[in-house]
């Protein structure tokens with residue numbers, strides 16, 4: 001479920017505004033997403049160590065490619081969850097503008 005604070009009446013201009021939309025995730029979804037991010041964080045630290053230890057460029061590039069793939073998988077999982085919950089709920093509530101928001105989001109992440 002998406003929550004929106006009602007402390008102001010104007011649309012949020014940035015993330016510092018109190019009206020930024022939020023989503024309460026299930027414990028399972030939260031843990032799954034956090035586990036993915038922790039693995040990615042570990043991979044990034046590994047690349048840092050490789051760079052510090054003068055690893056061969058193709059070896060570093062291979063690891064960076066693995067990180068990119070892991071981030072793409074994270075995005076796929078989060079996007080699927082967003083569509084199945086937030087988008088569906090908004091459409092059922094008659095908030096068709098969520099479709100434009102989804103289209104804009106897809107354009108941003110598919111650069």
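The values are calculated or read from the model by the stated rules, or taken from the named source; none is laboratory data. Note that the coordinates shown come from a computational prediction; the quantities given were computed from them, not determined experimentally. All Cβ positions, even for glycine, are placed from backbone atoms using ideal geometry, and neighbour counts span all protein chains on display.
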What do you reckon, is residue 54 modelled with pLDDT of 90 or more, surrounded by fewer than 10 Cβ atoms within 10 Å (Cβ to Cβ) and either in a loop (DSSP other than H, G, I, E, B) or in contact with a strand residue (DSSP E or B) (Cβ under 9 Å, 6 or more places away or on another chain) (or both)?
yes
If you check residue 45 against the conditions, is it closer than 24 Å to residue 91 by Cα, at pLDDT 85 or above and out of contact with any strand residue (DSSP E or B) (no Cβ under 6 Å at 6 or more places or on another chain)?
no
Could you list, in sequence order, all residues of segment 23-42 that are surrounded by 11 or more Cβ atoms within 10 Å (Cβ to Cβ) and either touching a residue at least 24 places away in the same chain (Cβ under 8 Å) or more than 21 Å from residue 72 (Cβ to Cβ) (or both)?
23, 25, 29, 32, 33, 36, 37, 39, 40
Run residue 21 past the list (1) in contact with a strand residue (DSSP E or B) (Cβ under 6 Å, 6 or more places away or on another chain); (2) modelled with pLDDT of 95 or more and report the number of the one that doesn't hold.
(2)
